[in-house]
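Notes for the one structure printed next.
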């Protein structure tokens, strides 16, 4: 029988929890100091430099293995705390941290693909990467595959090495990027928001924690017990031992019998909700949705507070006016028309007929629901924000500026290109060209709205984010629905008709 595995990481968690308990228990006997005043002074001292500091360290943590020496959570928490004091923008520091962390992952991945595992073996000791540490992360990566990029973001050692190891494993970058986008987004959002909310009322937080200290202690103990139990029960011999011990005790036999009785139903439910072959495709859709929603809500929060143009809006506005030419005005009007409801809605109807003729019911459903979600969301947000349009528009418009309906509707071209390339005709020889054309159409339609002085750049960016998120979320829901339906049909045909996903599908 194995001993209960209390690892170094678990021990550090327990010691950290003990330190917190001791601090709040004896804080009245400690020298008096004002944490809020310290953060306020630090915020005033750093100011806008916080953007650069957080971005550099978030990038270097994986891009240069700095995270092995100095974990980046503290700097990200600091960025959130400075935003909480009102000295910098919350949405901007969040976006910068997310982008910097993703770029750091990308550089680390590229280095791994270029230098290979031997480089880490040879030079790893210089940045505290021992052979055992490398083997630990490699085993974790081999077990969890692409999910390591997401899960590992919250595990210091894994976070610093996982992108590099993904590169050495010859994982395609197109497979790596969606996991990295989600992982870095969750990581940045979590620690930025913790710093943001904690900095606004540290004394209140301290009082709450002090009063609820006993509950906090119970919670920590419960979590640690669950972690240890899961690790212990992973091994079959340990599970057999527990069952044997329960059989010896009359009081526990009914519990054991109940477990055996519900096991088939539990296994059935687990098979229904297990991702199976969804892995990469679902992750990609969720990555697109997360970025799109972030862009939308980041700009929405800015516009809701002050509907005036941003610095980036004014720069794009001035640049467009510097480009002004008669023939460009005419061309921009034509391109812009392809993003209007007058053109997009009939086009969607024709696409719907085409998909129905080909019996592509899933894609048809995504088209209809995704477009309806986009249209409804655009109208609701426009009414809620009522943002004025830029001065000097070259074409007639109505309604508020935010978000751009043309930009949102134009995402249908990217969706159509990706759908044809990967779902309807996966053997197409010019897949990259088709997808590039779809993205270019979406981009050009949005940019013409800025050129024509009828939208600010932030309106267009939010429109792109809204459209992309709508189609991605509906696509993800459809993917899960189809997967569950296939699982149910497979189960109805019997256990031998198809068990699980193909090897590697879960990554």
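Data overview
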quantity: Matching entry among 367, 351, 328 (being more than 21 Å from residue 461 (Cα to Cα), in contact (Cβ under 8 Å) with a residue 24 or more places away in the chain, more than 31 Å from the chain's Cα centre (by Cα) and surrounded by 12 or more Cβ atoms within 10 Å (Cβ to Cβ)); calculated: 328
quantity: Subset tally (residues that are part of a loop (DSSP other than H, G, I, E, B) and crowded, with 16+ Cβ neighbours inside 10 Å) for segment 371-393; calculated: 3
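Readers should treat all values here as calculations from the given coordinates under stated rules, not as data from a laboratory. Source: prediction; values computed, not measured. No Cβ is skipped: glycine too gets one built from the backbone with ideal geometry, and neighbour counts run over all protein chains shown.
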